[in-house]
């Protein structure tokens, strides 16, 4: 099964939110987690997500 997680989900994972961690850990082994490009940019460059200029 495939799961597309949004920016909020990835932020919760990054900050080790207990409920999100448990839900992710309880997914079947064959589960695939995907990150949209926007979420990837937010995760790798948080200053962009916060509206700061480059």
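The values are calculated or read from the model by the stated rules, or taken from the named source; none is laboratory data. None of these values were measured; they are calculated from a predicted model. Virtual Cβ from ideal backbone geometry, glycine too; neighbours counted across all protein chains shown.
When residues in the range 24-47 are screened for being surrounded by 13 or more Cβ atoms within 10 Å (Cβ to Cβ) and at pLDDT 85 or above, 2 of them pass. Remark: pairs (first residue in the range 10-26, at negative phi and touching a residue at least 12 places away in the same chain (Cβ under 8 Å); second residue in a helix (DSSP H, G or I) and surrounded by 16 or more Cβ atoms within 10 Å (Cβ to Cβ); Cβ separation under 8 Å; 6+ apart in sequence or on different chains) = 10/39; 10/42; 11/42.
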